[in-house]
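Below you'll find the structure, written out as structure tokens, and then a few comments.
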Amino acid sequence: MNFHLSFLLLEIIVFLRAVALNSPPPLPLRPIPSWRQLQFHSRRLSMFFHFGVNTFTDSERGSGHESPSIFNPERLNASQWMDVAQSAGAQLVILTVKHHDGFCLWPSAYTNFSVASSSWRGGKGDVVAEFVTAARERGLDVGFYLSPWDLHESCYGDILLYNEFYLAQLPELLTGYGPISEVWLDGAKSPTAVNMSYDFELWFDTIHPRCQHLFRRWPRHPMGWERVWRGRTTMLGDGEQIFHYDRQERWPVRKIHPSMKPSFSYLMSGESAGTDWLPPECDISIRPGWFWHRNEAPKSLEQLLDVFYKSSARNCLLLLNVPPNSSGLIDESDFQTLERFRSAIDFIFSVNLAANPLSVTASSVRSSSFGPKQILDERQCKGSRPAGSSLILARSQINMGQRVMEYHVEAWNSELGWYLVSNGSTIGYRKVDRLEEDQLCAAHLVRLLIDMSQVICFFGLYFDMYNLRHLSSI
């Protein structure tokens, strides 16, 4: 492929009314993200660590009846886990401190099904403590996954007793290990499991004063919901809507399923006229399973790049699971794959082909302080470097709300004139459009047309030499 932009003229066309010079920034359009949500958007990558008795039984979902003595990761080294996370570019690490089997990776005072009853470290070990210490030594934020479903505790099913039990474990985690950035809960449960109602309002009231972020996959209380799960593996974000929802609904969905779970079609698109801002997240494992299995291998570089294009490149934070093995270490094959992944992302974004055009023009600007050349400087967008890769990257100033509702990108050459290469609705914090291999090969001019907008923050052109066979129009 002979890719070149030998004569690049970047034209930004924004259909806005002209205003006087030296005018202040425009008023935000509600809903707007909170400070904590802006922090969430700016993360490059988060990393999950699924670890527990399942690691030693070669299973994905335990029974709750395992002997604690099977948990014995003789070479456990949380510092090595953090080396992996840091090399991949993660800024937040989340540990499954208790999965559905109920086994606790810290010596909880409220159960005998924990590391205190295991043979590891003579029953004196604390995986959570080692995890937190290693993360803080590297400047990484820490989060905990605490499963509401518990297959071990006999009180599960008793609404009062189990809610008391869960509520007692939360302070152990939130006050015993220093500042915690995130608590991650989900509603996973077998259809045949005993019926159980969780007191989410009390849980949220306990979590919020002690924690920056709270994530639930199936929220019952809109005010406690800070972001939305956007799916895993095949259910990745479509990027065509910043997720808003209407808090007047008991559930933030338009349709209620008989199972009382939100509509996936709604979760994948959001509510353009919604009242609250909810950043989306995509969680996926580097391996086929969430826990480590000896006979499984990590995804290839091409697969990971494709995952990134379908998550981070579409306004979703990628939460990538990297499970430690039964010795207590991250497999070397996973480590090497993540290093290649980080190197590929960094290389793709090392050169912005639109950084030095012959000229940059705009049909309308707010004032001299908001000139069109500023959108080529990503420092104008407060946040980290983009965590996706492709040919066209755009970002909007989301602290002012969702201000881009429709856009398209055109290229020009002497034979075809202007032709459409990409289009979409919202841009949000980060939107990358992948193009067919030949769409920009002979282009001399490229222009971004914002059809319904007031603020655009950044525009760039990049070339992905790693993933040519996987490129497709969005």
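The values are calculated or read from the model by the stated rules, or taken from the named source; none is laboratory data. On a predicted model such as this, the values are computed, not experimentally measured, just so you know. Please note: Cβ atoms are built from the backbone with ideal geometry, for glycine as well, and neighbour counts cover all protein chains shown. The area values use the complete protein model at the heavy-atom level, side chains included, leaving out ligands, DNA and RNA. Shrake-Rupley method; radii C 1.70, N 1.55, O 1.52, S 1.80 Å.
With the biggest extent put first, the Cα atoms of segment 59-218 measure 42, 35, 27 Å across the principal axes. Under 5 Å between amide hydrogens, built in the peptide plane, is the criterion, and for residue 451 it picks out 406, 407, 408 among residues at least 5 positions away or on other chains. Simple spin-label estimate for residue 210 and residue 65 gives 3.3 nm between the two label positions (7 Å along the Cα-to-Cβ direction from each Cα). For residue 285, nonlocal amide neighbours, meaning residues 5 or more places apart or on other chains whose placed amide H falls under 5 Å from its own, are 233, 321.
When only the Cβ of Lys, Arg, Asp and Glu is charged (+1, +1, -1, -1), the dipole of segment 132-204 relative to its Cα centre reaches about 220 debye.
By the Kirkwood approach, averaging reciprocal distances over each pair of separate Cα atoms, segment 35-123 gets a hydrodynamic radius of 14.6 Å.
The residues of segment 14-148 expose, per residue, 40 Å² of accessible area to a 1.4 Å probe. With a cut-off of 17 Å on the backbone N, the residues of segment 68-108 near the modelled label site 7 Å out from residue 121 along Cα-Cβ are 68-82, 95-98, 103-108. Applied to segment 321-326, the Karplus parametrisation 6.51 cos²θ - 1.76 cosθ + 1.60 on θ = phi - 60° returns per-residue 3J(HN,Hα) values of 8, 10, x, x, 8, 6 Hz, with x for Gly and Pro. Amide H contacts under 5 Å for residue 145: 95, 96, 97, 98, 184, restricted to partners 5 or more places along the chain or on a different chain, H placed in the peptide plane at 1.01 Å from N. Taking a Cβ cut-off of under 13 Å around residue 171, the surrounding Lys, Arg, Asp and Glu residues balance to a net charge of -2, with basic ones at +1 and acidic ones at -1.
Taking 7 Å steps out from each Cα toward its Cβ at residue 406 and residue 333 produces label points 4.9 nm apart.
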